[in-house]
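Every number in this text was worked out from the coordinates using simple rules, so none of it is lab data. Since we're looking at a predicted model, the values are computed, not measured. Cβ atoms come from the backbone with ideal geometry, glycine included; neighbour counts cover every protein chain shown.
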Amino acid sequence: MMAGLLSNLRNTMIVSFILALIIVAGYEVHYGSTDAIFWQAVFRWLHVLFGVMWIGLLWYFNFVQIRKMPEVPAELKPGVTKYIAPEALFWFRWAALFTFLMGVILAYNRGFLVQAYTLGFMEKPVSAPHSFIGLGMWLGTIMFINVWAFIWPAQKIALGIVEADADAKAAAGRKAMLFSRINTLLSVPMLACMTMNQTIFG
Ligand code: HEM
């Protein structure tokens, strides 16, 4: 029974979400309300859930795939480009979109969406909490735009999902790699903003 469950990803994830929802319900019961604060907690969970999937796959590409590809024998490369990478990119780009959406909802829920995106400068004196989280939100937003405007279109060409000649494929592969590297560069400072703000500023 257990082995049957675990050998099927969909069923495993259904059980995983059921367990999570029991916990969410537990919080609701003990908190006693489904007000804005409760939803803030739920969206924070979902934001980090999608964020981990996105950045986890970004780091898979950069720490594992891009580094090891040059060593993979030519006849084995299609195993990565035709099977592994397209699947990884599917979860990667949708996780990026949902991380961004949940982040925007979180900022709106907390009442600082505009204040943060304007880096605290709408307030007098300038709001440090909004500057810091706004910086993180900009870094994350730039990373999100890089995924959908540059990495994914370039990967479609590089991986042969859309037709192109060999030169165009090589150029697209290089472009995708560089934008992926930019996102890796931005990922660490972005996470410093995301994770430190609440502890320091509440
Ligand atoms: C794409 C653009 C993003 C936006 C607009 C955004 C927005 C936000 C906002 C508004 C918060 C709440 C901060 C607070 O309440 O003080 C937050 C927290 C957080 N974000 Fe993001 N975020 C983005 C990307 C990411 C990414 C890629 C990750 C990767 C894992 C991430 C991980 C986190 C974490 C861990 C927290 C802290 C949650 C907590 O302390 O409870 N965010 N984000």
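Before moving on, here are some points about what is shown:
- Order of 180, 7 under a 10 Å beta carbon neighbour criterion, fewest first: 7, 180
- For residue 59, neighbours were defined as the other residues whose beta-carbon sits under 14 Å from its Cβ, and their charges (Lys and Arg +1, Asp and Glu -1) total +3.
- Taking 30, 47 and counting other C-beta atoms within 10 Å, the order from fewest to most: 30, 47
- Bridgeable lysines around residue 68 (alpha carbons under 28 Å apart, same-chain partners fewer than 8 residues away excluded): 77, 82, 156, 169, 175.
- Using the Karplus relation 6.51 cos²θ - 1.76 cosθ + 1.60 with θ = phi - 60°, the per-residue 3J(HN,Hα) values for the stretch 141-146 come to 5, 4, 4, 5, 5, 4 Hz, with x marking Gly and Pro.
- Subtracting the Cα-Cα distance of residue 34 and residue 5 from 0.36 nm times their residue separation leaves 7.2 nm of extension gain.
- Taking each residue as 0.36 nm, the span from residue 64 to residue 196 lengthens on full extension beyond its C-alpha to C-alpha distance by 44.7 nm.
- The angle between the Cα long axis of helix 36-59 and the longest principal axis of the Cα atoms of the chain comes to about 20 degrees, rounded to the nearest 10.
- 13 Å beta-carbon shell around residue 93, net charge (K/R +1, D/E -1): 0
- Between the stretch 119-188 and the stretch 1-46, the Cα center-to-center distance that results, in Å: 30 Å
- FRET efficiency estimate (nearest 0.05) - Cβ-Cβ, residue 20 to residue 182, R0 25 angstrom: 0.15
- Extension gain, residue 138 to residue 91, is 14.7 nm, computed as 0.36 nm per intervening residue step minus the present C-alpha separation.
- Taking each DSSP H run with n ≥ 4 as -39500 (n - 2.57) and averaging over every residue of the chain yields -24000 deg cm²/dmol at 222 nm.
- Global form of the chain, assessed from the alpha-carbon gyration tensor, a/c cut-off 1.5: oblate
- Computed magnitude of the charge dipole of the chain (debye, nearest 20; Cβ of K, R +1, Cβ of D, E -1): 280 debye
- Residue order, fewest to most surrounding Cβ atoms within 10 angstrom, among 194, 122, 143: 122, 194, 143
- Phi angles of the stretch 67-76 translate, via the Karplus equation with coefficients 6.51, -1.76, 1.60 and θ = phi - 60°, into HN-Hα couplings of 6, 8, 3, x, 8, 6, x, 3, 6, 9 Hz per residue; Gly and Pro are given as x.
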